[in-house]
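Novice: Got a structure for you, questions after.
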Amino acid sequence: MTNNNRYAAYEKSRIMTASPAELTLMLYEGAVKFCNIAIVAVEKNEIEKSHINIRKVEDIITEFQATLDHKYPVASEFDKVYAYLQQRLVEANVKKDKSILEEVLVHLRTMRDTWKEIMQKAGGSSKMHTS
């Protein structure tokens, strides 16, 4: 088994055994990662690579929006934030604007870090994986 296959098997296992809170964290981490890749791609004028990675961030945000539980009042606020981020990502993709991506990245990092804090306060940190 090659190292790539081992890593893929590890990642699949990690995802399959993750709690919903851990999956949410993984999605935030993915969004941050893909946004960073898109920023570098824009800097290097790699149009297709930037587009692909911006779309990946959009897909993750779409998933967050689709899974909001609207029985909680805070869900409508999250929906507004996600809609704003989607709008900014579309604009960044059309303009290939690094500064817009950097703005989105700040929001994503803040949301990810807040989610980590919530998990730790809820006692979920004992199952958190790091790589």
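Novice: Give ALA66, ALA92 a once-over and let me know the one that is at pLDDT 95 or above, under 21 Å from MET16 (Cα atoms) and of a type outside the set (Phe, Trp, Tyr). Can you show your working first?
Specialist: Working: ALA92 fails: under 21 Å from MET16 (Cα atoms).
None of the others qualify; the one that does is ALA66.
Novice: Quick check on this structure: which one of SER50, SER19, SER99 is among the hydroxyl-bearing types (Ser, Thr, Tyr) and either over 17 Å from the mean Cα position of the chain (by Cα) or surrounded by fewer than 12 Cβ atoms within 10 Å (Cβ to Cβ) (or both)? Before you say what the answer is, go through the steps one by one.
Specialist: On the way: SER50 fails: either over 17 Å from the mean Cα position of the chain (by Cα) or surrounded by fewer than 12 Cβ atoms within 10 Å (Cβ to Cβ) (or both); SER19 fails: either over 17 Å from the mean Cα position of the chain (by Cα) or surrounded by fewer than 12 Cβ atoms within 10 Å (Cβ to Cβ) (or both).
Being among the hydroxyl-bearing types (Ser, Thr, Tyr) and either over 17 Å from the mean Cα position of the chain (by Cα) or surrounded by fewer than 12 Cβ atoms within 10 Å (Cβ to Cβ) (or both) holds for just one of SER50, SER19, SER99, which is SER99.
Novice: Hey, any hits in the stretch 20-33 for a residue that's charged (D, E, K, R) and at positive phi? Before you say what the answer is, go through the steps one by one.
Specialist: Step one: filter the stretch 20-33 for residues charged (D, E, K, R), giving 22, 29, 33.
Checking which are at positive phi leaves us with none.
Looking through the stretch 20-33, none of the residues is charged (D, E, K, R) and at positive phi.
Novice: Are any residues in the stretch 95-124 at pLDDT below 95 and farther than 15 Å from TYR28 by Cβ, and if so, which ones?
Specialist: Hits for the stretch 95-124 are LYS121, ALA122, GLY123.
Novice: Among the residues of the stretch 64-78, are any farther than 18 Å from THR114 by Cα and in contact (Cβ under 8 Å) with a residue 60 or more places away in the chain?
Specialist: No, the stretch 64-78 has no match at all.
Novice: Give the residues of the stretch 69-89 that are under 19 Å from ALA21 (Cα atoms), open to solvent by less than 80 Å² (accessible area, probe 1.4 Å) and touching a Ser or Thr at 6+ places or on another chain (Cβ under 9 Å), sorted by residue number.
Specialist: Within the stretch 69-89, TYR82 is the sole residue that qualifies.
Novice: Identify, by number, the condition in (1) modelled with pLDDT under 95; (2) open to solvent by 60 Å² or more (accessible area, probe 1.4 Å); (3) within 27 Å of LYS121 (Cα to Cα) that LYS33 doesn't meet.
Specialist: Here LYS33 clears every test but (1).
The values are calculated or read from the model by the stated rules, or taken from the named source; none is laboratory data. Since this is a predicted model, take the numbers as computed values, not measurements. So basically every Cβ, Gly included, is an ideal-geometry build from the backbone, and we count neighbours across all protein chains shown. Keep in mind that these areas ignore ligands, DNA and RNA; they rest on the heavy atoms of the full protein, side chains included. Shrake-Rupley method; radii C 1.70, N 1.55, O 1.52, S 1.80 Å.
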